[in-house]
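Worksheet: one structure, shown below.
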């Protein structure tokens, strides 16, 4: 009980888990539950019997409950990632100008990519055209990253074309695919300062307040373009500070925080976002969580676990539904019409109900692919891509889809 509540799990769920004689969280649960509760995407692999179902079911039940309770109490949620053009009114990283595996926290400043083989980048919502500016990046782990500045037309893989200027944790500066030794290496707990003097056409960096000297002279043809804060990550997490919080190492020599840039020097990103946004009206046949299983047996097991975990969750109670073949569709439809919050199902019947509009995906916050290798082996990759494309990536209050 105590171990789970320490991870942020509601006492009501922890009590139900304790009654199932789960005395301590397994390794996969200890790692996954806090990550999911914190808004992250998780790819987990562990042997049978290691508690994978609990690892995703427990946090999904909790967040679905909290979402419904907020709606019941009339709270809208206060996430600051706004949708559409509104996102450009704030200095933050741009959810519409990022790599596919690049996640941005609800504050718009904490960024993460857990892809281990590929680099994924992002640019800020606003750039600058003249003046002397500074921002800071704090490294939250030991992953690989490059930070710096780029124009709107630069590749998100910062420093690999002539429109971007990066500084990486390996102690290399990069521009136009040229990687040269510069400054020193940096890693977890380090704070990197990124300086831009557009009038002189210069870029430099600092580490924990230590000036590392001139890194780049900006070519004349780029000086008349807006430059944006940018980064690229490989299995790393960073937090940006554009000056709305006190800097750890305030800049000198006339440099100011990006958020203090005068309006006449600021350019908004061209990427203002046309991401589909979830409607706010609650529909009975629009669940908050969709759990896809490769077989009827696994779907039934998972549904039973969900029922056990939510035993003491009340006001509002969560409504779950099993959608599998071999059961009369009309029974499932009548439950759908009364309202569901969590759906567990197999691809065949799910596909039928989604394609006919009987199951609405417009309010799904969680997409869980259980035994994903089994789903792929059975040839369901098209189905997975199809339903993923129908689920909004961002809700109206700024919450992102978790997978």
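The values are calculated or read from the model by the stated rules, or taken from the named source; none is laboratory data. Remember, predicted model here, so these are calculated numbers, not experimental data. All Cβ positions, even for glycine, are placed from backbone atoms using ideal geometry, and neighbour counts span all protein chains on display.
Values for this structure:
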read-out	value
Residue that is buried (at least 17 other Cβ atoms within 10 Å of the Cβ), farther than 15 Å from residue 292 by Cβ and in contact (Cβ under 8 Å) with a residue 60 or more places away in the chain, where the choices are 360, 315	360
So residue 352, is it touching a helix residue (DSSP H, G or I) at 6+ places or on another chain (Cβ under 8 Å) and closer than 13 Å to residue 290 by Cβ	no
Criterion violated by residue 112 - all others in (1) surrounded by fewer than 22 Cβ atoms within 10 Å (Cβ to Cβ); (2) more than 15 Å from residue 259 (Cα to Cα); (3) touching a strand residue (DSSP E or B) at 6+ places or on another chain (Cβ under 6 Å) satisfied	(1)
Strands (runs of 3 or more DSSP E) lying entirely in the stretch 197-261 (those with 3 or more residues that are surrounded by fewer than 19 Cβ atoms within 10 Å (Cβ to Cβ))	210-217
Residue ranges of strands (runs of 3 or more DSSP E) in the stretch 101-185 with at least 3 members within 30 Å of residue 403 (Cα to Cα) and in the same structural domain as residue 90 (by TED's automatic domain parsing)	102-104, 110-113, 120-128, 132-139, 144-150
Residue count, the stretch 318-341 (criterion: out of contact with any helix residue (DSSP H, G or I) (no Cβ under 9 Å at 6 or more places or on another chain) and touching a residue at least 12 places away in the same chain (Cβ under 8 Å))	5
Single condition residue 193 does not satisfy, out of (1) assigned to a strand (DSSP E or B); (2) loosely packed, with under 15 Cβ neighbours inside 10 Å	(2)
Wholly enclosed helices (runs of 4 or more DSSP H) of the stretch 1-76 bearing at least 2 residues farther than 24 Å from residue 235 by Cβ	2-6, 11-19, 52-72
The stretch 20-29, subset modelled with pLDDT of 85 or more and surrounded by 16 or more Cβ atoms within 10 Å (Cβ to Cβ), residue farthest from residue 60 (Cα to Cα)	28
Complete set of residues in the stretch 262-286 that are at pLDDT below 85, assigned to a loop (DSSP other than H, G, I, E, B) and in contact with a strand residue (DSSP E or B) (Cβ under 7 Å, 6 or more places away or on another chain)	271, 272, 273, 275
Failed item, numbered, when residue 170 is tested on (1) in contact (Cβ under 8 Å) with a residue 24 or more places away in the chain; (2) surrounded by fewer than 18 Cβ atoms within 10 Å (Cβ to Cβ); (3) on the phi > 0 side of the Ramachandran plot	(3)
Flag if residue 334 is farther than 26 Å from residue 66 by Cα and either over 23 Å from the mean Cα position of the chain (by Cα) or not assigned by TED's automatic domain parsing to the domain that holds residue 381 (or both)	no
Residue that is in contact with a helix residue (DSSP H, G or I) (Cβ under 7 Å, 6 or more places away or on another chain), assigned by TED's automatic domain parsing to the domain that holds residue 9, free of Cβ contacts under 8 Å to residues at least 60 places away in the same chain and within 22 Å of residue 40 (Cβ to Cβ), where the choices are 306, 344	344
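The rows are residues; the columns are (1) modelled with pLDDT of 80 or more; (2) touching a strand residue (DSSP E or B) at 6+ places or on another chain (Cβ under 9 Å); (3) farther than 23 Å from residue 32 by Cα; (4) crowded, with 20+ Cβ neighbours inside 10 Å.
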position	(1), (2), (3), (4)
57	yes, yes, no, yes
66	yes, no, no, no
76	no, no, yes, no
103	yes, yes, no, yes
